[in-house]
1. Identify, among His13, Val82, Thr62, the residue whose Cα sits farthest towards the positive end of the charge dipole of the range 1-94, taking +1 on the Cβ of Lys and Arg and -1 on the Cβ of Asp and Glu, with the dipole about the Cα centre.
2. Once every DSSP H run of n ≥ 4 in the chain is given -39500 (n - 2.57) and the sum is divided by its residues, what mean residue ellipticity at 222 nm do you get, rounded to the nearest 500 deg cm²/dmol?
3. Each residue of the range 64-69 in order: what ³J(HN,Hα) in whole Hz does its phi give by Karplus 6.51 cos²θ - 1.76 cosθ + 1.60, θ = phi - 60°, with x for Gly and Pro?
4. Only four residue types carry charge here, +1 at the Cβ of Lys and Arg and -1 at the Cβ of Asp and Glu. Report the dipole size of the chain about the Cα centre in Debye, rounded to the nearest 20.
5. Run the accessible area of the chain with a 1.4 Å probe and give the carbon-and-sulfur part as a rounded percent.
6. Ratio to report: Rg/Rh of the range 1-106, with Cα atoms as the point set and Rh obtained by the Kirkwood method; give two decimals.
7. Enter the accessible area per residue of the range 141-181 (Å², integer; probe 1.4 Å; all protein chains in place).
8. Under a 1.4 Å probe, what is the accessible area of the range 49-134 per residue, stated in Å²?
Amino acid sequence: MNKELDINRIPQHIAIIMDGNGRWANNRNLPRAMGHKAGVDAVRKITSECTRLGVKFLTLYTFSTENWKRPSDEVAALMALVLSSLEDEIFMKNNVRFRVIGDIDRLPVEVQKKLHETEEHTAKNDKMTMVVALSYSSKWELVEATKKIAQSVKDGEINVNDITEDTISNNLTTDFAPDPELLIRTGGECRISNYLLWQIAYSELYFCETYWPDFDEESLHEAIVDYQGRQRRFGKTEEQIENEQ
């Protein structure tokens with residue numbers, strides 16, 4: 001599969017909704033926590049492969065604000081898994097910078113501390129940036145951005161009529177990254193689930209049946225090959241795009 005990839009057209013930002021950990025575990029009569037643990041192994045594989053291919057940003061939907069509604073024992077297991085996975089040397093071995101986005105104040109204090117430590121420890125890594133969306137939802141993010149912009153207007157820093165799309169983008173938690181070119185969702189569901197709603201306005205969407213723990217390097221290649229076979233028009237006609245080439 002790797003030979004089918006056009007290495008010159010690798011998306012610079014890939015966002016992934018890592019779905020199917022629980023169903024993967026249920027199919028094997030395992031506790032759901034084991035599915036999440038297997039999902040961390042998939043993260044390691046995909047992170048390494050993305051750095052090898054030259055992807056610059058990999059954003060992973062790890063835990064949504066809606067996930068707080070899950071059973072307390074599963075949430076606790078997920079938080080413990082977050083802590084243990086941040087001990088992984090994959091960041092330093094692959095020269096990957098770690099960033100986190102989301103309503104971090106809702107997380108346990110020890111998790112918050114470890115997240116900040118990992119961000120600081122990897123701050124100089126520049127091969128790729130892994131962005132973990134944790135306690136995140138796009139609606140939450142847009143509300144927070146609106147509050148910041150409204151405060152700037154109130155303080156006289158900007159005029160209402162000066163607010164543009166860039167103003168909103170620059171007040172999102174992802175202000176340090178370009179918008180994703182490719183969004184992948186595993187697990188067979190075909191919905192966005194409150195993830196990067198502003199940022200994926202023109203992303204190519206790829207849905208697959210594979211549960212996240214089984215999503216490997218070949219699965220990633222298939223998604224990228226599919227992306228490379230599409231024509232990204234951004235509102236223009238096919239003829240306009242072909243004339244520009």
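The values are calculated or read from the model by the stated rules, or taken from the named source; none is laboratory data. Please read all numbers here as calculations on a predicted model, not as lab measurements. Here Cβ is always computed from backbone atoms with ideal geometry, including for glycine, and neighbour counts include all displayed protein chains. The area values use the complete protein model at the heavy-atom level, side chains included, leaving out ligands, DNA and RNA. Shrake-Rupley method; radii C 1.70, N 1.55, O 1.52, S 1.80 Å.
1. About the Cα centre, the residue reaching furthest to the positive side is His13.
2. Details: 9 runs with 100 residues, N = 245.
Helix-only estimate at 222 nm: -12500 deg cm²/dmol.
3. After applying 6.51 cos²θ - 1.76 cosθ + 1.60, I find 8, 4, 5, 5, 5, 7 Hz.
4. Details: 30 positive and 41 negative charges, 111 e Å.
Roughly 540 debye for the chain.
5. Working: 6110 of 12830 Å².
Within the chain, the accessible surface is 48 percent carbon and sulfur.
6. Details: Rg = 15.4 Å, Rh = 15.4 Å.
Rg/Rh: 0.99.
7. Values: 2660 Å² over 41 residues.
About 65 Å² of surface per residue is accessible.
8. On the way: 4130 Å² over 86 residues.
On a per-residue basis, the range 49-134 sits at 48 Å².
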